[in-house]
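First the structure, then my questions, so here it is.
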Amino acid sequence: QVQFVESGGGLAQPGGSLRLSCAASGRILSIYAMGWYRQTPGKQRELVAVITSGGSTHYSDSAKGRFTISREIAKNTASLQMSSLNDEDTAVYLCYVRASESSYSEPTDYWGQGTQVTVSS
């Protein structure tokens, strides 16, 4: 199992910034990717940003140009710098990890509990 420590959510004004952080721990042999999904009531969970073990990044269209994801491989941590926030960014942001627990196990997707981000004036 993978445990998460997520932090950095909260209230921001439109046009403001927030930084999310996530640390993954537990039975982890290798992490292939880390990132964030977000979810709002009545909507499907959507990918926000992901960074692979090789450093490749992928952003949703809404996150491109506004959000930046980074990762410290040795610490199994990732951060998401969010700027130019708007009310459509209001959601629960869930840290995501694709990891394997051993050399015999397939990569598995894990999600944290999430942290609330609210954009409001």
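Being out of contact with any Phe, Trp or Tyr (no Cβ under 9 Å at 6 or more places or on another chain) and polar (S, T, N, Q) is true for just one of Gln1, Gln39, Gln44. Which residue is that?
Result of the check over Gln1, Gln39, Gln44: Gln44.
Assuming Ser102 fulfils every condition listed in (1) in contact (Cβ under 8 Å) with a residue 40 or more places away in the chain; (2) in a strand (DSSP E or B) apart from one, which condition is it?
For Ser102, the exception is condition (2).
Another question, then. Which strands (runs of 3 or more DSSP E) sit wholly inside region 13-87 and have at least 2 residues that are open to solvent by 20 Å² or more (accessible area, probe 1.4 Å), over 21 Å from Asp109 (Cα atoms) and without any contact (Cβ under 8 Å) to a residue 40 or more places away in the chain?
Filter on region 13-87 gives an empty set.
With respect to Ser53, is the statement that it is touching an Asp or Glu at 6+ places or on another chain (Cβ under 8 Å), over 22 Å from Leu11 (Cβ atoms) and modelled with pLDDT under 95 true?
Working: touching an Asp or Glu at 6+ places or on another chain (Cβ under 8 Å): no; over 22 Å from Leu11 (Cβ atoms): yes; modelled with pLDDT under 95: yes.
Spelling it out, it is not the case that Ser53 is touching an Asp or Glu at 6+ places or on another chain (Cβ under 8 Å), over 22 Å from Leu11 (Cβ atoms) and modelled with pLDDT under 95.
Are any residues in region 95-118 acidic (Asp, Glu) and in contact with a strand residue (DSSP E or B) (Cβ under 6 Å, 6 or more places away or on another chain), and if so, which ones?
Keep residues of region 95-118 that are acidic (Asp, Glu), which gives 101, 106, 109.
Asp109, the sole residue that qualifies.
Considering only residues that are in contact with a Lys or Arg (Cβ under 9 Å, 6 or more places away or on another chain) and among the charged types (D, E, K, R), look in region 88-115 and name the one that is surrounded by the most Cβ atoms within 10 Å (Cβ to Cβ).
Among those that are in contact with a Lys or Arg (Cβ under 9 Å, 6 or more places away or on another chain) and among the charged types (D, E, K, R), it is Asp89.
The values are calculated or read from the model by the stated rules, or taken from the named source; none is laboratory data. Computed from a predicted structure; not experimentally measured. Reconstructed Cβ throughout: ideal geometry from the backbone, glycine too, with neighbour counts over all protein chains shown. These accessible areas exclude ligands, DNA and RNA; they are computed on the full protein's heavy atoms, side chains included. Shrake-Rupley method; radii C 1.70, N 1.55, O 1.52, S 1.80 Å.
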